[in-house]
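Student: Before anything else, here's the structure in question.
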Amino acid sequence: MLLNTYRTMGLICLLMLSIAAGGTPALEGDAGHGSVEFGLSFYNNSDGGTDGNPFLDEASTIIEPALIFNYNVSDRTMAWAKLAFDYVSSASIDRLSKFEEQSGASGDYYASIEGGIRRQSDKQNAWGLFGHISTEYDYNSLGLGGDYTRTAADGNSSVKFALNGFFDQLDLIRFNGIQEGTDNRISLTGQINLYQVINPVTHMEYGGVLTLQSGFLESPFNAVVIEDTLMPNPNLVGNAPGREITEELEDSLVRGAVFGRIRRAVSRRDALELGSRVYADSWGLTGISFEPRWYRWLIDNRLRSRLRYRFYTQTAADAFSEHFTTEETYRTQDSDMGAFSAHSFGGMLTLHSGEFSEYDFSFDYILRDDGIDQMLGRFGYRRTF
Amino acid sequence: MKSVVLMVAAVVALLGASGCRSVAIYEKVRLQDPQMKFEESGTESHFYQKVYYSREGSVGAFGSSAGGGCGCY
């Protein structure tokens, strides 16, 4: 029944795709103008013991500062840069006392630098290029990409084609601290984004994305517990019986999604939006989300709010199981690849301070039916010059 | 579930189909309002994409790379 539902939604989203095309806005501002944006975000999820993966404490906390610069080097060319850093304090901190080396399972950081240019060739054509470098304790990534946007002569629609590739190198530090050298991963993504003005108070954007991945696609520090022994294992939650072996997944993955959202101004102060996304991949995992939003000016040109609810549900990947009694060729107990549903509730306030500055304050809470509930908070500041 | 999905799809269709027509530049003032802009905060998009891709099995949509370079946790 769930598959039939997904098929129905997939057909509806394909129908939305067949409507006339759209795209992204053109460059804004004269040479010498730009903007700087700073964001400080917080994430936390707890684990009540048997929540998610019943053998692993999956509690984690992440703090992320990020900085984005945009600068118009000419009337037609904009340069941009994004810097981000994550401090991750995650599951199984107590594992550090048992194993000499641990990777992202027990503590980690992430740092990335990304930059690019956007060029408006003429009123209807624009293109962009970007480069990306990021590093973690056990992971390095290099990415390149480009895009082309074609806008209709009347400006009411545009279409954007984007292509990017990432080359990742992983240090294979296993769940027990053993280092097994390095391995690589390649990801290629093609995406189409369409934008369409429906009428003076309604517009929409929608599109599709396709990703091909190959190489080492597992998480090196993930383990799978084989319950073929009665011996308690002190490395498992509650000293559960079982022996740990490595997670194993196929070395290729095809993943695709279609998405869309439509927003309408319903009054002088209010706007409503409805968005949706349908996802499927070659490992058997499918996912669908719905996200209605309500935007409102609380004080004209000074303070506005955004309330949102997001429903997400996914089926389990074929290789997923909560319990294993034999060593399957492909096997994972990663709870993020299992079947679950989640309800998110969030709100944001945006304060406009003068003509050039904005402050954002947001909070979201995610209720997941496997018990891995999550809390998100964010402060943002944006200034144009 | 199927009835909810169909109802949501019908709402979307109604919203989109209500007066679909060519719009002149001077008529698009309302669409330029900050609360109508699809391009929201870049740092917010970056953070929420990472959260979803780290804690959900699906990736992809609204400007994401959908694979690689995520640094997901």
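Student: Would you check which residues across the range A:245-263 are charged (D, E, K, R) and surrounded by fewer than 19 Cβ atoms within 10 Å (Cβ to Cβ) and list them?
Tutor: To start, the set of residues in the range A:245-263 that are charged (D, E, K, R) comprises A:247-248, A:250-251, A:255, A:261, A:263.
Of everything in the range A:245-263, those that are charged (D, E, K, R) and surrounded by fewer than 19 Cβ atoms within 10 Å (Cβ to Cβ) turn out to be A:E248, A:E250, A:D251.
Student: Is it the case, given these coordinates, that A:Y279 is facing another protein chain (nearest Cβ under 7 Å), assigned to a strand (DSSP E or B) and either among the basic types (K, R) or touching a strand residue (DSSP E or B) at 6+ places or on another chain (Cβ under 9 Å) (or both)? Before the answer, list the steps.
Tutor: Details: facing another protein chain (nearest Cβ under 7 Å): yes; assigned to a strand (DSSP E or B): yes; either among the basic types (K, R) or touching a strand residue (DSSP E or B) at 6+ places or on another chain (Cβ under 9 Å) (or both): yes.
Taking the combined requirement at face value, the residue satisfies it.
Student: Moving to a separate point now. State whether the residues of the range A:279-301 include one that is among the β-branched types (V, I, T), modelled with pLDDT of 95 or more and more than 30 Å from A:Q191 (Cα to Cα).
Tutor: Just the residues of the range A:279-301 that are among the β-branched types (V, I, T), to begin with: A:286, A:288, A:299.
From what is left, the residues that are modelled with pLDDT of 95 or more are A:286, A:288, A:299.
Cutting the leftovers down to more than 30 Å from A:Q191 (Cα to Cα) gives us A:299.
Checking the range A:279-301: at least one residue is among the β-branched types (V, I, T), modelled with pLDDT of 95 or more and more than 30 Å from A:Q191 (Cα to Cα).
Student: When only residues in the range B:27-53 that are in a helix (DSSP H, G or I), at pLDDT below 85 and more than 7 Å from chain A (Cβ to nearest Cβ) count, which is farthest from A:R302 (Cα to Cα)?
Tutor: This residue is B:Y53.
Student: Of the residues A:Q169, A:Q179, A:Q191, which is of a type outside the set (S, T, Y), in contact with a strand residue (DSSP E or B) (Cβ under 8 Å, 6 or more places away or on another chain) and touching a residue at least 60 places away in the same chain (Cβ under 8 Å)? Quick ask: steps written out before the conclusion?
Tutor: Values: A:Q169 fails: touching a residue at least 60 places away in the same chain (Cβ under 8 Å); A:Q191 fails: touching a residue at least 60 places away in the same chain (Cβ under 8 Å).
Result of the check over A:Q169, A:Q179, A:Q191: A:Q179.
Student: Give the number of residues within the range A:282-314 that are within 8 Å of chain B (Cβ to nearest Cβ), aliphatic (A, V, I, L, M) and part of a strand (DSSP E or B).
Tutor: Residues in the range A:282-314 being within 8 Å of chain B (Cβ to nearest Cβ), aliphatic (A, V, I, L, M) and part of a strand (DSSP E or B): 0 in total.
Student: May I pose another question? Kindly indicate whether any position in the range A:176-190 is surrounded by 16 or more Cβ atoms within 10 Å (Cβ to Cβ), of a type in the set (A, V, I, L, M) and either closer than 24 Å to B:S22 by Cα or in contact with a Pro (Cβ under 9 Å, 6 or more places away or on another chain) (or both).
Tutor: For the range A:176-190, residues surrounded by 16 or more Cβ atoms within 10 Å (Cβ to Cβ), of a type in the set (A, V, I, L, M) and either closer than 24 Å to B:S22 by Cα or in contact with a Pro (Cβ under 9 Å, 6 or more places away or on another chain) (or both): absent.
Student: Here's something else I'd like to know. Restricting attention to the range A:143-197, and to residues there that are touching a Leu at 6+ places or on another chain (Cβ under 6 Å) and among the aliphatic types (A, V, I, L, M), which single residue is nearest to A:F130 (Cα to Cα)?
Tutor: Among those residues, the one meeting the criterion is A:L188.
Student: Quick one: what pairs do we get from the range A:237-263, first residue within 30 Å of B:E39 (Cα to Cα), second in a strand (DSSP E or B) and basic (K, R), C-beta under 7 Å, 6+ apart or different chains?
Tutor: Hits for this filter: A:A257/A:R277; A:F259/A:R277.
Student: Of the residues A:T384, A:T350, A:T325, A:T329, only one is more than 21 Å from the chain's Cα centre (by Cα) and crowded, with 21+ Cβ neighbours inside 10 Å; which?
Tutor: Numbers: A:T384 fails: crowded, with 21+ Cβ neighbours inside 10 Å; A:T325 fails: crowded, with 21+ Cβ neighbours inside 10 Å; A:T329 fails: crowded, with 21+ Cβ neighbours inside 10 Å.
Within the list A:T384, A:T350, A:T325, A:T329, the selection yields A:T350.
Student: With A:D370, A:D364 as the choices, which residue is touching a strand residue (DSSP E or B) at 6+ places or on another chain (Cβ under 7 Å), acidic (D, E) and assigned to a loop (DSSP other than H, G, I, E, B)?
Tutor: Details: A:D364 fails: assigned to a loop (DSSP other than H, G, I, E, B).
Of the residues listed, the single one that is touching a strand residue (DSSP E or B) at 6+ places or on another chain (Cβ under 7 Å), acidic (D, E) and assigned to a loop (DSSP other than H, G, I, E, B) is A:D370.
Student: Further, regarding this structure: Taking A:A152 as meeting all but one of (1) over 28 Å from A:T286 (Cα atoms); (2) away from chain B (no Cβ under 12 Å); (3) surrounded by 17 or more Cβ atoms within 10 Å (Cβ to Cβ); (4) among the hydrophobic types (A, V, I, L, M, F, W, C), write down the number of the exception.
Tutor: (2)
Student: Please enumerate the residues belonging to the range A:333-385 that are hydrophobic (A, V, I, L, M, F, W, C) and closer than 20 Å to A:L307 by Cα.
Tutor: Quick first cut of the range A:333-385, residues hydrophobic (A, V, I, L, M, F, W, C) only: A:337, A:339-340, A:342, A:345, A:348-349, A:351, A:356, A:361, A:363, A:366-367, A:372, A:375-376, A:379, A:385.
Hits for the range A:333-385 are A:A342, A:F345, A:M348, A:L349, A:L351, A:F361, A:F363, A:I366, A:L367, A:M375, A:L376, A:F379.
Student: For the range A:326-349, indicate whether the set of residues that are among the charged types (D, E, K, R) and under 30 Å from A:Y71 (Cβ atoms) is non-empty.
Tutor: No, the range A:326-349 contains no residue that is among the charged types (D, E, K, R) and under 30 Å from A:Y71 (Cβ atoms).
The values are calculated or read from the model by the stated rules, or taken from the named source; none is laboratory data. Owing to the predicted nature of the structure, the values given are computational and were not obtained by experimental measurement. Because the Cβ atoms are built from the backbone with ideal geometry, glycine has one as well, and the counts that use them run over all protein chains shown.
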